[in-house]
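The values are calculated or read from the model by the stated rules, or taken from the named source; none is laboratory data. Since we're looking at a predicted model, the values are computed, not measured. When we count neighbours, we look across all protein chains shown, and the Cβ atoms used for this are built from the backbone with ideal geometry, even at glycine. Areas reflect the complete protein model, heavy atoms only, side chains present, ligands, DNA and RNA absent. Shrake-Rupley method; radii C 1.70, N 1.55, O 1.52, S 1.80 Å.
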Amino acid sequence: MPAIELSNGEARLLARPDLGAGLTAFDVLHDGVWQAIFRRVDPSTAHPFALSNILLVPFSGRVSGGGFTFDGTFHALPRNVETELYPIHGNGFSAAWDVASLSADLLTLTLSAEGPGPFRYDATMSYRLQGAGLLMELSLVNRARIRLPYGAGFHPWFVREPDTTLHAPARGVWLEQSDHLPKAHDAIAAQADLDFNRPKPLPARWINNWFDGWDGKARIHWPSRGLAVDVDASEGLRQYVVFSPAAAADFFCFEPVTHPVDAFNLPGKAEAHGLKILEPDESLAVSARVAADFG
């Protein structure tokens with residue numbers, strides 16, 4: 001299936017329903033020029049991790065131990081990416097979604113998923129252009145016959161430039177170990193180069209961390225372009241991930257999510273870390289708006 005384009009004259013995007021309902025571009029029109037907000041990639045790319053945005057459903061991040069135990073039952077989860085040690089990001093990001101409706105500024109997609117592991121769910125995803133902005137809405141219904149912990153989120157690759165700054169107030173941060181699982185939780189005040197409570201450049205080093213105590217609001221600023229975007233995430237998305245391999249990278253990921261990596265296996269109950277326990281036929285809905293500011 002070719003990429004689907006939406007455009008309202010102020011913003012535009014390209015979507016790949018066949019590749020996880022991901023995006024290959026999200027731009028806004030500024031001073032007569034289309035400016036990239038998410039990185040622009042080859043519209044025909046075949047790998048989800050080479051996209052501009054992917055969907056995280058029915059969970060976000062890696063899961064250790066071959067799966068998780070819930071309500072006294074161990075549920076196995078298979079590895080799903082050849083280069084990864086652990087299952088990662090569920091299966092919505094790699095599945096083919098169906099187009100439910102399409103107009104100039106709105107694309108709605110659906111997915112009925114059998115798996116991974118015990119998960120059975122129906123999901124709906126919509127991309128809606130609103131002026132010089134994008135509203136992303138993702139919902140799912142638990143179709144398994146048992147209650148299960150579900151999670152969700154969005155994984156956009158934003159453009160990174162030398163002067164890019166991030167403002168995303170948080171109270172705590174998860175530090176990672178060498179296999180990208182959580183090593184320890186720390187207060188933001190103890191991690192100066194990860195403290196985005198005030199606008200600041202991203203660290204020059206590798207960063208792949210999960211932040212909690214977030215109010216759902218963030219701002220990304222590209223001063224040399226006279227451009228910024230405000231991110232406004234729904235109540236269920238009160239954590240975020242920041243990933244960038246190095247200062248030389250032309251992207252960084254800012255991911256509003258429901259839970260940290262390996263939340264299924266962290267000490268305490270799954271719901272204590274942001275996963276939502278859904279009974280059969282119960283639902284979870286999350287959304288995030290990315291709106292340009294030219295001031």
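A compact table of results
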{"read-out": "Residues of segment 5-30 satisfying the condition of being touching a residue at least 60 places away in the same chain (Cβ under 8 Å) and on the phi > 0 side of the Ramachandran plot", "value": "Gly20, Ala21"}
{"read-out": "Filtered residue count, segment 206-220, keeping only those that are surrounded by 19 or more Cβ atoms within 10 Å (Cβ to Cβ) and within 24 Å of Val33 (Cβ to Cβ)", "value": "1"}
{"read-out": "Criterion violated by Val63 - all others in (1) closer than 19 Å to Ala270 by Cα; (2) among the β-branched types (Val, Ile, Thr); (3) open to solvent by 50 Å² or more (accessible area, probe 1.4 Å) satisfied", "value": "(3)"}
{"read-out": "Search result, residues across segment 160-181 that are open to solvent by 20 Å² or more (accessible area, probe 1.4 Å), part of a strand (DSSP E or B) and not hydroxyl-bearing (Ser, Thr, Tyr)", "value": "His167, Trp174, Leu175, Glu176"}
{"read-out": "Test: residue in segment 190-205 that is part of a strand (DSSP E or B), aliphatic (A, V, I, L, M) and either at pLDDT 95 or above or buried (at least 17 other Cβ atoms within 10 Å of the Cβ) (or both)", "value": "no"}
{"read-out": "Of the criteria (1) closer than 27 Å to Ala3 by Cα; (2) in contact (Cβ under 8 Å) with a residue 24 or more places away in the chain; (3) open to solvent by 30 Å² or more (accessible area, probe 1.4 Å), which one Ala76 fails", "value": "(1)"}
{"read-out": "Hey, Ala247 farther than 30 Å from Phe68 by Cα, crowded, with 22+ Cβ neighbours inside 10 Å and in contact with a Leu (Cβ under 9 Å, 6 or more places away or on another chain) or not", "value": "no"}
{"read-out": "Output for segment 10-65, where each listed residue is under 16 Å from Asn91 (Cβ atoms) and part of a loop (DSSP other than H, G, I, E, B)", "value": "Pro17, Asp18, Leu19, Gly20, Ala21, His47, Leu51, Pro58, Phe59, Ser60, Gly61, Val63"}
{"read-out": "Pairs, first closer than 17 Å to Gly9 by Cβ in segment 127-147, second surrounded by fewer than 22 Cβ atoms within 10 Å (Cβ to Cβ) and polar (S, T, N, Q), C-beta under 6 Å, six or more apart", "value": "Leu129/Asn8"}
{"read-out": "Residue in segment 2-12 that is open to solvent by less than 40 Å² (accessible area, probe 1.4 Å), touching a Gly at 6+ places or on another chain (Cβ under 8 Å) and modelled with pLDDT of 95 or more present", "value": "yes"}
{"read-out": "Output for segment 79-88, where each listed residue is assigned to a loop (DSSP other than H, G, I, E, B) and either closer than 18 Å to Ala152 by Cα or open to solvent by less than 50 Å² (accessible area, probe 1.4 Å) (or both)", "value": "Asn80, Val81, Glu84, Tyr86, Pro87"}
{"read-out": "When residues of segment 13-37 are limited to those that are out of contact with any Lys or Arg (no Cβ under 8 Å at 6 or more places or on another chain) and acidic (Asp, Glu), the one surrounded by the most Cβ atoms within 10 Å (Cβ to Cβ)", "value": "Asp18"}
{"read-out": "Single unsatisfied condition, Ile54 versus (1) open to solvent by less than 10 Å² (accessible area, probe 1.4 Å); (2) more than 15 Å from the chain's Cα centre (by Cα); (3) of a type in the set (Val, Ile, Thr)", "value": "(2)"}
{"read-out": "Near pairs, Cβ below 7 angstrom, 6+ apart or cross-chain, from segment 260-279 (on the phi < 0 side of the Ramachandran plot and surrounded by fewer than 22 Cβ atoms within 10 Å (Cβ to Cβ)) to any residue that is of a type in the set (Asp, Glu) and part of a helix (DSSP H, G or I)", "value": "Ile277/Glu271"}
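Matching residues to (1) more than 30 Å from Gly65 (Cα to Cα); (2) in a loop (DSSP other than H, G, I, E, B); (3) out of contact with any Lys or Arg (no Cβ under 9 Å at 6 or more places or on another chain):
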{"position": "Ala96", "(1), (2), (3)": "no, yes, yes"}
{"position": "Val99", "(1), (2), (3)": "yes, no, yes"}
{"position": "Ala104", "(1), (2), (3)": "yes, yes, yes"}
{"position": "Leu107", "(1), (2), (3)": "yes, no, no"}
{"position": "Pro116", "(1), (2), (3)": "no, yes, yes"}
{"position": "Asp122", "(1), (2), (3)": "no, no, no"}
{"position": "Ser126", "(1), (2), (3)": "yes, no, yes"}
{"position": "Leu134", "(1), (2), (3)": "yes, no, no"}
